[in-house]
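Report on the following structure.
None of the figures in this text is laboratory data; all of them are computed from the coordinates on show. Owing to the predicted nature of the structure, the values given are computational and were not obtained by experimental measurement. Backbone-built Cβ (ideal geometry, glycine too); neighbour counts: all protein chains shown.
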Amino acid sequence: MLRNAGAAGGLATLGTLPVFLVGAQAVLIRDDLRVDDARLGLAAGAFFGVAAVVSLTCGGLVDRMSSRASTLVAAGISAGATLGIAVGAQSFVSLLVLLLLAGAGNAALQMTANVTLARTVPPSRQGMAYGIKQSAVPLAVMLGGLAVPSVGVWVGWRWTFAITGGVCVLVAAFGVRQRSVHPTAGPSSGALDRPPVAALLVSGAATMLATSAVVCLGAFLPVWAHELGLSPARSGLLLSAGGALALVARLASGFAADRRVGWHMPIVSAHLLVGAAGVFLLSLQDVATLVVGTLIAFGIGWSWPGVLLFAVVRVGRDNPGAASGAIQGGNFAGAALGPVLFGLLATAVGYSTAWRLAAGIMLAAAALLVIARRMFIADSRRRQPQRTSP
């Protein structure tokens, strides 16, 4: 299990890494390509936007592909994009086009990882497996930050993309040699048993809302902490502590999910409720509550992605790619929209109000997940009563 989960986490990290390399090396890229921060922000949003569209529309295609074929295609797209940035990004337009391609590769790698885990990991261990896989985002954040002092400053930012592209090529080569796992058909009719579309859409909408709120922690917490009196170094340390706590919490949540029978989506709703309280604490303009709120928001409010993905894949019937695509699409859409809308709100009405609205959005996401679970249960009872509740 750990080998498959680690491989899936590696695929997910490779897919997410390009956009965090851009963010971490924004100063170097800005000076080299002569672009401003607004355009770099637009490029990052476009990366997640394309990933959302690909996730929502191509999940079924990944379900019909073997693991070997999907790994080869996904890694090939990402390799082409990252190596293209390393050698061909000479202007903002070329960087944007290549990041759009990288966004498509990210979606393909994420869905490949999800489907591979669904096919190869026993259901009793999938909670931990998806927890490991969903730790890719905080891991990519840390790797992106480490790339600046270790590679970017010394030999240039393009080399970080060249190294990432080289790893993608190795993954593609591994995909050619790996034992291929093919999709399975339904037990009676030979046809794939389709997941309930309406419930998936509600789950995706909830994921989009939740992600749009929590992703703003990484984008705006250091600025807000500095405004409240923390030095840039301490603000960065607070963010790093929150990211590390989120990584550990995702692993712990996955471990706990394997020891429950059902009730995964209510647990995610509870995490969002507590996380909303943590985000609300950020609005109180006090350093002590800022620290406490940060730890709660990261440690509980952002610990749920692996558990939610695990729950939805379990009720996704014979289509783990399509089921996980709804969640990944919601994640990417929230990551694209959240920072933009939060930035506009913070500029218009101030950070305190923006944090409170973000907390309210997390509450709405928790409510939508309750509705989605009822829809999943109703569909399960109508078709196959023995299905495990989400």
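Rounded to the nearest whole Hz, the Karplus-based 3J(HN,Hα) values (6.51 cos²θ - 1.76 cosθ + 1.60, θ = phi - 60°) of the range 281-297 follow the sequence 4, 5, 7, 7, 6, 9, 5, 4, 5, 4, 5, 4, x, 4, 5, 5, 4, with x at glycine and proline. Altogether, the Stokes-Einstein calculation at 20 °C and 1.002 mPa s, with the Kirkwood radius of the chain over Cα pairs as Rh, returns a diffusion coefficient of 103 µm²/s.
Using the Cβ-Cβ distance between residue 289 and residue 94 with R0 set to 41 Å, the FRET efficiency works out to roughly 0.35.
Projecting the Cα atoms of 219, 59, 305 onto the charge dipole of the chain, computed from C-beta unit charges around the Cα centre, puts 59 farthest toward the positive end.
When a/c reaches 1.5 or more, the comparison of a/b and b/c decides; with that in mind, is the range 2-177 rounded, prolate or oblate per its Cα gyration tensor?
prolate
Springs join every pair of Cα atoms under 10 Å in this Gaussian network model of the chain, and among 249, 241, 108 the largest mean-square fluctuation is at 241. Comparing 134, 110, 25 in a Gaussian network model of the chain (Cα springs below 10 Å), the most mobile by mean-square fluctuation is 25. Sorted on the mean count of surrounding Cβ atoms within 10 Å across their residues, most packed first, peptides 321-331, 90-100, 200-210, 70-80 read 321-331, 200-210, 70-80, 90-100. In a DSSP loop and with at most 10 other Cβ atoms within 10 Å, there are no chymotrypsin sites (Phe, Trp or Tyr not before Pro) in the range 265-351.
Please compute the net charge surrounding residue 372, taking Lys and Arg as +1 and Asp and Glu as -1 over other residues with Cβ under 14 Å from its Cβ. Walk me through the numbers on the way to the answer.
On the way: positive: 314, 373, 374; negative: 379.
Spelling it out: positives minus negatives among the neighbours equals +2.
Take the Cα of residue 155, step 7 Å toward its Cβ, do the same at residue 234, and the gap between the two points is 3.8 nm.
Give me the log10 of I(q) over I(0) for the range 197-383 at q = 0.14, 0.17, 0.20 Å⁻¹, as the Debye formula computes it from C-alpha points; what are the numbers? Result of the Debye calculation: -0.73, -1.01, -1.32.
Springs between Cα atoms under 10 Å define the GNM used for the chain, and in it the highest mean-square fluctuation of 87, 279, 214 occurs at 87.
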